[in-house]
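The values are calculated or read from the model by the stated rules, or taken from the named source; none is laboratory data. If you're wondering where the values come from, they're calculated on a predicted model, not measured in any experiment. Cβ atoms come from the backbone with ideal geometry, glycine included; neighbour counts cover every protein chain shown.
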Amino acid sequence: MAKRKVYKLPKYEKFLRKKSAPVKKVTRDVRNLIQDLVDTLDTLDGVGLAAPQIGVHSRVALVVVGNKNGEKPEEDEEEVGEIISLIDPEIIEASPDLERSYDGCLSIPGLQGYTRRPTFLRVRALDINNNKVEYYFEGFDARVAAHEIDHLDGILYFDRLDSLSDLYYLVPDPEDDEKVKFLPYLDVHPEFQATPHPMPGMPTTGVKTIAEE
Ligand code: ZN
């Protein structure tokens, strides 16, 4: 199998906003798709990846669990996250309370958003042998699982922001090469302040990413 191209904004926003089709039965094609997702994610600094992000509108996504702070473990660290494949995932229970923290996305390079996400999720899905299985995600894992399942419904984390004031560019910290700094999106693009929102609470479509600059 192979590493695939990651579909990014702004070019593929329309594509990424389409709902993916159910898998229903795990065939060889589905297993190949999972392997492609694994091979692609393996080369990237990410903790999850959904099939539409590699150009396939099929309800399949990966979640790397065990990343407490959102950082992918270094290779020499003992605990490398386990990859969970979610096939036709269905959220059967979510925490009533939402927690605010940051979402990043491999399809939206250079930006992070301060979103509201459940603190735990119970998810029913198929495993690669077509068995129904249940997963329980909590903390950061629940955040990642919710983000990836959103991708299968054509939802981007922009849609989980209260407003564009919660969107930030990650830029190099001039005082420390090793660090990044959060630069408010609206400081860079004040013209978006006035953008009418298509839905209450939803920032906009056509947000500019660094990739476009
Ligand atoms: Zn994403």
Count of region 123-170 residues which are β-branched (Val, Ile, Thr) and either at pLDDT below 85 or outside any strand (DSSP E or B) (or both): 4
Number of the exception - Pro109 against (1) farther than 23 Å from Lys18 by Cβ; (2) in a loop (DSSP other than H, G, I, E, B): (1)
Criterion violated by Glu93 - all others in (1) acidic (Asp, Glu); (2) modelled with pLDDT of 95 or more; (3) under 17 Å from Gly48 (Cβ atoms) satisfied: (3)
Lone unmet requirement of (1) closer than 27 Å to Phe182 by Cα; (2) out of contact with any helix residue (DSSP H, G or I) (no Cβ under 6 Å at 6 or more places or on another chain); (3) surrounded by 17 or more Cβ atoms within 10 Å (Cβ to Cβ) for Glu99: (3)
Test: Ile91 is β-branched (Val, Ile, Thr) and within 16 Å of the ligand (Cβ to nearest atom): no
Condition broken by Asp36, with the remaining ones in (1) at pLDDT 95 or above; (2) more than 16 Å from the ligand (Cβ to nearest atom); (3) surrounded by fewer than 19 Cβ atoms within 10 Å (Cβ to Cβ) satisfied: (3)
Enumeration of residues in region 146-161 that are more than 11 Å from the ligand (Cβ to nearest atom), farther than 23 Å from Thr27 by Cα and touching a residue at least 60 places away in the same chain (Cβ under 8 Å): Gly154
Residue, surrounded by the fewest Cβ atoms within 10 Å (Cβ to Cβ), within region 105-130, restricted to residues that are in contact (Cβ under 8 Å) with a residue 60 or more places away in the chain and within 16 Å of the ligand (Cβ to nearest atom): Pro109
